[in-house]
Amino acid sequence: MLEYFKWFWQFWKQTKLKLFFVLMVSAVSIFAKTAFPIFLKYIVDMFGTEYDKVEAHHLVLLYLFAAFFHEFISVFLPNFRAFMNLKFTVMVRNKYFTNFTKKNLHFFKKFRTGDLLTRLTDDIDGAWDRISWYSCSGVMRPIEAILILAFTLSVMFYYSVPLTFYTFIPLPFLVMILSKTEHKMVKFTMQKQKAISDCNNALESCFSGIRVIKTTLSEEDQIAKFDEILAVRVKKEKRFLKINLVIQFFSMLVNNAGIIIVIFVGSFYVVKGNITLGTLLLFIIYLQRMVEPIWTISWFYASSKQVFRYVDRLEETDIPEFDYPENTGDKKTVSDFENLRIENLSFRFDDSEKDILSNISFELKKGESLAIVGPLGSGKSTLLELIAGNLINVKGNIFINGEHLNKISHASLASIIGYIKQENVLFSESIRDNLELGDKFTEAEINKSLDTAIMTDEMKTFPKGLDTVLGQKGLSLSGGQKQRVSIARTLIRKPKLLLMDDCTAAMDANTEKTFWDNFRRNLPDTSCIIVTHRLATASHADKVLVIDDNTVKEFDTVDNLKKPGTLFMKIMTGDLDHDVLEEVSLRNKV
């Protein structure tokens, strides 16, 4: 348990004064809560005896003041704790969201989007028994409960030691109940959260592919699939609720048994004259108020097991091997691109027994362009991912400006490399927001990038121009428009090395020629590596790298490779045997 409190301490130390204030207000509230039943005891004991009316009047006023003060604090304190819970929500979520953004692609292969979403939302503040609630209210309530028990037991021992001991009789039964249910509580908590993650994964996949679902009329199939996943979640939620209700029921039963014992034994003591009627009333009031603290302490034990599992789920994502290299003292920085040299590069995914790439070697200098061609599954896109530093566990060497890729900080590498992938990812914001992504660019820079990407004429068709808001993942744009916005988004940052993964495929020959003319005019010193399956695209490159069977088969200028009989021409003209293509695809599938 200590290691988990160390985890919480990183957030508690940021709000030490506020937490101390909560603790002090709680102590004052408990003092008032403990004091006013004592005034009531003396008021009751005055009945049937001669008493000073002035003294009785003062006692009643003190009782009313203590009761009013306690009620005021009872309203103020929970609201202030709720504010602190929200503050912890922000701190925890920001910490782990920031961590996620620093992870490489292997991380997002291991953890699906819906699962990460669950860990950032439901695990942190999805209900009252989550991390944010536990950070303040969760730990303050048992502290408050301990103070209540300490204050009340001190008063009870003062007035009657034997009767106080009778209140402890049910406690061993409570300990037994908690020990019997601990393992199931932890097990059911993890199962429930996994079911929630699976549910969110299904929703994310469905919404991301809504166009495909609508086009193929597969709504019913998706609904049936989601119903199955939801049924599993309902089952896990019910199992968790049942064990939780069992713990609460028996805890309350044991606690209330103490009140019954005190009423029975206390009445006997009153008849014998060992205690007064006011003392018995004091014990009954205190015991009724002790029910909640005793249950809170027992609940704290059970809920801690749940919350610690949520902490474990967050910590599971903090895997150092998935971090990008930080810009530390032993990391190099690059501000320009001079050359790229790849030597004997091989790579395979962790779950694959075969290399995706094998013994790849070539060199690219500043201002040069390179086209990469090859059949399906030959590792072309993987090669771009390796150059961009998005994949790890590489055999061989990648050098940029003479520095090994592993020795260059990721932030520095990202500042000189622009990467346009096959999948055009746009956000449901305006076109301007999609271009800027939080950075600020002048209108001239934005217009220049749109002009280079041949998007200027398209912009005139949008009623709000750059401020046109796109739908989910850019649903309001055509495939070609999304592609060109993605190109403009990359070019506006003026990369020194541009990686393009078949992103001009939707352009016709004339449009593509215009694009390359614009590109060379506006970014003359930018080196370019483009994966393509089109002869027109490859013709714009200085050299062509042909990959087949996961290794380099040809590397030469376009003019030399256009000769009949070359693998390059077979691929470009579609003469490569279909069976060979299929075999290559299946052999390299991971």
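The values are calculated or read from the model by the stated rules, or taken from the named source; none is laboratory data. Just so it is clear, the structure is predicted and the values come from calculations on it, not from any experiment. Cβ sites come from the backbone with ideal geometry, for glycine too, and all protein chains shown count toward neighbours.
Remarks
- Every condition in (1) modelled with pLDDT of 80 or more; (2) not in a helix (DSSP H, G or I) holds for Ile260 except the one numbered (2).
- Any hit, segment 497-507, residues being of a type in the set (S, T, N, Q), surrounded by 16 or more Cβ atoms within 10 Å (Cβ to Cβ) and within 24 Å of Ile210 (Cβ to Cβ): no
- In segment 279-298, the condition of being assigned by TED's automatic domain parsing to the domain that holds Val139, at pLDDT 80 or above, among the polar types (S, T, N, Q) and more than 34 Å from the chain's Cα centre (by Cα) is met by at least one residue.
- Residue within segment 550-564 that is in a loop (DSSP other than H, G, I, E, B), acidic (Asp, Glu), in contact with a strand residue (DSSP E or B) (Cβ under 7 Å, 6 or more places away or on another chain) and buried (at least 17 other Cβ atoms within 10 Å of the Cβ) present: no
- Residue within segment 188-198 that is farther than 25 Å from Ile247 by Cβ and surrounded by 15 or more Cβ atoms within 10 Å (Cβ to Cβ) present: yes
- Candidates Gly374, Gly402, Gly389, Gly367 - the one that is in contact with a His (Cβ under 7 Å, 6 or more places away or on another chain), in contact (Cβ under 8 Å) with a residue 12 or more places away in the chain and assigned by TED's automatic domain parsing to the domain that holds Met569: Gly389
- Count - residues of segment 128-142 that are closer than 11 Å to Phe300 by Cβ, in contact with a helix residue (DSSP H, G or I) (Cβ under 7 Å, 6 or more places away or on another chain), at pLDDT 85 or above and not small (Gly, Ala, Ser): 4
- Some residue of segment 205-224 being part of a helix (DSSP H, G or I), of a type in the set (Phe, Trp, Tyr) and out of contact with any helix residue (DSSP H, G or I) (no Cβ under 9 Å at 6 or more places or on another chain): no
- Helices (runs of 4 or more DSSP H) lying entirely in segment 412-503 (those with 3 or more residues that are touching a residue at least 12 places away in the same chain (Cβ under 8 Å) and of a type in the set (S, T, N, Q)): 479-491
Each row is one residue, and each column tells you yes or no for (1) crowded, with 19+ Cβ neighbours inside 10 Å; (2) more than 25 Å from the chain's Cα centre (by Cα).
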{"site": "Leu364", "(1), (2)": "yes, yes"}
{"site": "Pro375", "(1), (2)": "yes, yes"}
{"site": "Thr382", "(1), (2)": "yes, yes"}
{"site": "Val425", "(1), (2)": "no, no"}
{"site": "Asn434", "(1), (2)": "yes, no"}
{"site": "Ala453", "(1), (2)": "yes, yes"}
{"site": "Lys460", "(1), (2)": "no, yes"}
{"site": "Asp467", "(1), (2)": "no, yes"}
{"site": "Leu470", "(1), (2)": "yes, no"}
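- Residue within segment 4-18 that is among the β-branched types (Val, Ile, Thr), over 30 Å from Leu281 (Cβ atoms), in contact with a helix residue (DSSP H, G or I) (Cβ under 9 Å, 6 or more places away or on another chain) and surrounded by 14 or more Cβ atoms within 10 Å (Cβ to Cβ) present: yes
- Of the residues Ile43, Ile73, Ile38, the single one that is under 16 Å from Ile143 (Cβ atoms) and in contact (Cβ under 8 Å) with a residue 12 or more places away in the chain is Ile73.
- Yes/no for Val60 being part of a helix (DSSP H, G or I), among the aliphatic types (A, V, I, L, M) and modelled with pLDDT of 80 or more: no
- Test for Val271: is it of a type in the set (A, V, I, L, M), over 25 Å from Phe173 (Cβ atoms) and without any contact (Cβ under 8 Å) to a residue 40 or more places away in the chain: yes
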